[in-house]
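Asker: My questions will all concern the structure given below.
Throughout, read-outs are computed from the coordinates displayed, never taken from laboratory work. It should be emphasised that the depicted structure is a prediction, and the values quoted were computed from it without experimental measurement. Note that each Cβ is placed from the backbone with ideal geometry, even for glycine, and that neighbours are counted across all protein chains shown.
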Amino acid sequence: MSVLAPLSPAEVSRRLIDNSAVLIDIRETDEFAREHVVGAVHTPLSSFDESWRAIADGREVIFTCRTGNRTGVNCDRLAARVSGQAFVLEGGLEAWKAQGLATRTDRSKPIELMRQVQMAAGGLILTGAALGLLVHPAFWGLSAFVGAGLFFAGATGFCGMARVLAVMPWNRSAAGAA
């Protein structure tokens with residue numbers, strides 16, 4: 001089993017400044033567009049195998065995501081693309097920011113699609129529960145419907161709410177500008 005050796009944000013920063021390493025951000029396009037480490041190279045995990053290109057030029061390769069979870073779960077797949085030792089930014093972008101290190105942020109980009117799904121689903125579930133309690137128990141059906149949709153998305157990988165949100169005007173205009 002391959003392992004991505006963890007590096008602290010301070011150590012990753014030092015290696016990037018020395019130009020001895022390249023930082024590969026594996027988050028999706030909408031996440032990267034909103035905020036990323038200055039100088040990171042974007043190679044989304046969803047198209048990693050098709051889009052991977054040798055960009056290290058003899059430098060060390062360090063992978064990052066938002067919290068380190070995606071890089072940890074996919075360590076074999078990521079490390080297999082690197083000859084020699086591969087590294088991971090310990091704690092991901094969140095740890096990087098906690099250390100006060102530079103990121104490029106574009107607040108004009110929409111919130112990441114999965115966060116939009118979480119917010120919409122949570123809002124609908126709360127609305128259904130509140131209306132079921134205050135107006136009529138039939139409104140609990142809304143909460144049940146959204147819960148079933150979330151279960152289906154987790155079981156199959158298909159999220160209808162994400163598909164609907166992706167075509168909303170605030171998301172389409174961002175995709176067209178990218």
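Asker: Under the rule of at least 5 residues apart or a separate chain, name every residue whose amide H is placed under 5 Å from the amide H of VAL88.
Answerer: So VAL88 has HN proximity to ALA5, LEU7, PHE63.
Asker: Now, a different point. Name the residue, out of LEU45, LEU131, LEU165, whose mean-square fluctuation peaks in a Gaussian network model built on the chain with Cα pairs under 10 Å.
Answerer: The residue with the greatest mean-square fluctuation here is LEU131.
Asker: Also, quick follow-up: By its C-alpha gyration tensor, with a ≥ b ≥ c as the square roots of the eigenvalues, how is the range 113-177 shaped: rounded for a/c under 1.5, else prolate for a/b larger than b/c, else oblate? Could the numbers behind the result be given before it?
Answerer: Working: a/c = 3.46, a/b = 1.80, b/c = 1.92.
Because a/c hits 1.5 or more and a/b fails to exceed b/c, the range 113-177 counts as oblate.
Asker: Related question: Do the sum for the chain: with -39,500 (n - 2.57) for every DSSP H run of n ≥ 4, divided by all residues, what is the mean residue ellipticity at 222 nm, to the nearest 500 deg cm²/dmol?
Answerer: Calculated at 222 nm, the ellipticity per residue is -14500 deg cm²/dmol.
Asker: Span-like helices, the chain: DSSP H, alpha-carbon axial extent 30 Å or more, mean Kyte-Doolittle 0.0 or greater, which ones? The partial results should precede the final answer.
Answerer: Numbers: long enough: 113-134 (31 Å, 1.30).
Counting only whole DSSP H runs, the qualifying helices are 113-134.
Asker: Ok, one more. Percent relative contact order of the range 5-105, based on C-alpha pairs within less than 8 angstrom and at least six residues apart?
Answerer: Working: 154 pairs, mean separation 37.5, N = 101.
Computed value for the range 5-105: 37 percent relative contact order.
Asker: In the range 75-178, what chymotrypsin sites (Phe, Trp or Tyr not before Pro) fall in a loop by DSSP, with at most 11 other Cβ atoms inside 10 Å?
Answerer: Working: sites: PHE87, TRP96, PHE139, TRP140, PHE145, PHE151, PHE152, PHE158, TRP170; in loops: PHE158.
When the chymotrypsin sites (Phe, Trp or Tyr not before Pro) of the range 75-178 are filtered for loop state and at most 11 Cβ neighbours within 10 Å, PHE158 remain.
Asker: Indicate the gyration tensor shape class of the range 23-121 (rounded, prolate or oblate), computed on the Cα atoms with a ≥ b ≥ c the square roots of the eigenvalues: a/c under 1.5 is rounded; otherwise a/b larger than b/c is prolate and the rest oblate.
Answerer: Values: a/c = 1.79, a/b = 1.49, b/c = 1.20.
The shape class here is prolate.
Asker: Kindly give Rg over Rh for the chain, based on alpha-carbon atoms, with the Kirkwood expression for the hydrodynamic radius. Write out the running numbers ahead of the final one.
Answerer: Values: Rg = 19.5 Å, Rh = 18.2 Å.
We get a ratio of 1.07 for the chain.
Asker: Let me ask another. Restricting to DSSP loop positions (anything but H, G, I, E, B) with no more than 14 other Cβ atoms inside 10 Å of their own Cβ, which trypsin sites (Lys or Arg not before Pro) remain in the range 61-122?
Answerer: On the way: sites: ARG66, ARG70, ARG77, ARG81, LYS97, ARG104, ARG107, ARG115; in loops: ARG66, ARG81, ARG107.
Taking the range 61-122 and a limit of 14 other Cβ atoms within 10 Å, the loop trypsin sites (Lys or Arg not before Pro) found are ARG107.
Asker: While we're looking at this one, here's another question. From the phi angles alone, apply the Karplus equation (6.51, -1.76, 1.60; θ = phi - 60°) to the range 69-85 and give each ³J(HN,Hα) in whole Hz, x where the residue is Gly or Pro.
Answerer: So the Karplus estimates, Gly and Pro as x, are 5, 5, 5, x, 5, 10, 4, 4, 4, 6, 5, 5, 8, 10, 7, x, 6 Hz.
Asker: Grab the other residues whose beta carbon is less than 15 angstrom from that of ASP76, score K and R as +1, D and E as -1, and report the net.
Answerer: Working: positive: ARG70, ARG77, ARG81; negative: ASP49.
Within the 15 Å Cβ shell, the charges total +2.
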